[in-house]
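Here's the structure we're looking at; comments come further down.
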Amino acid sequence: MTPEQIKEKIKSIIQLPALPAVAMEVVELVDNPKTSASKLGKVISSDQALTAKVLKIANSPFYGFPKKISTIDFAIIVLGFDALKEIVISISLVSSLQKKSDNFFDAKTFWDHSISTGVVARRLARDLGYRISGEVFVGGLLHDMGVSVLHRYFNSEFSRIIEITRETDLNILEAEESVMGVTHGEVGGWLAERWNLPEHLAEAIAFHHVPAKAQINPDLVALVHCADIMSLQITRQQIDWDKGIEFDPAALERLRLNDPDVLNGYMNTYAEVLKTDIEQVTALSGMGA
Ligand SMILES: [Fe+2]
Ligand SMILES: [Fe+2]
């Protein structure tokens, strides 16, 4: 099969999971500068399960608000539209794509890696003076969602890919190419298109392992790419689906992280931050594996 045919197959078989309708509506409302807090509140409140989860996350130490947030309207005011969008997307990601862990995929590891990449990406963007911190969190959070898609809808191919990474010297991209002719980045990019995420986010997901291909927003792609590897190195996670992936020198240069002392300085700082943030986020019931 050609990559085009696989793409068609993936798109049709999967009926790639749509973002739940309410989540979709929230994302659109947040993108619209004319949206009022009360309109957004009404949409979220129409979904009880979503409301409960939003409030739970809004009250987590991750967002650091000392006062208890007990209503959606208050959550919107204190968190802001963008943070709310992050929360709704993360909830939707977890609930729509997760499949049970098996020998080839560990759901808790996946969630920890997604969160840590999102957190690192946001910090990094802020520390380097980029003005795209909300989007980088979502980009970091969603960067490996193609992995979930492959695990869930192409389970035998996915198992084979992971076996190859364990048994040979091939890195994950080479293993994916050899079995499916497409990579988890590309698959994630297609899902992002299907979810109507902004095209620069779809690009960051699609090219997180090949940042040189970025055209729409190379800074965002470089941030997600570097955050992915920083989080892997900081957490010392051995993750099969990111096996053998290394920093792209051009992406490091773009972010002015090509001096090893500078890079290590950031990594040391984030190691502590990450430890605390991940413990707090995964401690939320129902958000772990
Ligand atoms: Fe990846
Ligand atoms: Fe990753």
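Numbers for the structure displayed
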| quantity | calculated |
| --- | --- |
| Contacts under 6 angstrom Cβ, first residue in segment 229-245 being closer than 10 Å to Val120 by Cβ and assigned to a helix (DSSP H, G or I), partner more than 8 Å from ligand 2 (Cβ to nearest atom) and of a type outside the set (Phe, Trp, Tyr), 6 or more apart | Met230/Val120; Met230/Met267; Ser231/Ser116; Ser231/Val120; Ile234/Met267; Ile234/Ala271; Ile234/Leu274; Thr235/Ser116 |
| Residues of segment 106-123 classified as surrounded by 24 or more Cβ atoms within 10 Å (Cβ to Cβ) and hydroxyl-bearing (Ser, Thr, Tyr), total | 2 |
| Breaking point among (1) more than 14 Å from Leu124 (Cβ to Cβ); (2) of a type in the set (A, V, I, L, M); (3) part of a helix (DSSP H, G or I), for Leu220 | (1) |
| Unique match (being buried (at least 23 other Cβ atoms within 10 Å of the Cβ) and either modelled with pLDDT of 90 or more or in a loop (DSSP other than H, G, I, E, B) (or both)) among Ala204, Ala192 | Ala204 |
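The values are calculated or read from the model by the stated rules, or taken from the named source; none is laboratory data. Owing to the predicted nature of the structure, the values given are computational and were not obtained by experimental measurement. Cβ: placed from backbone, ideal geometry, glycine included. Neighbour counts: every protein chain shown.
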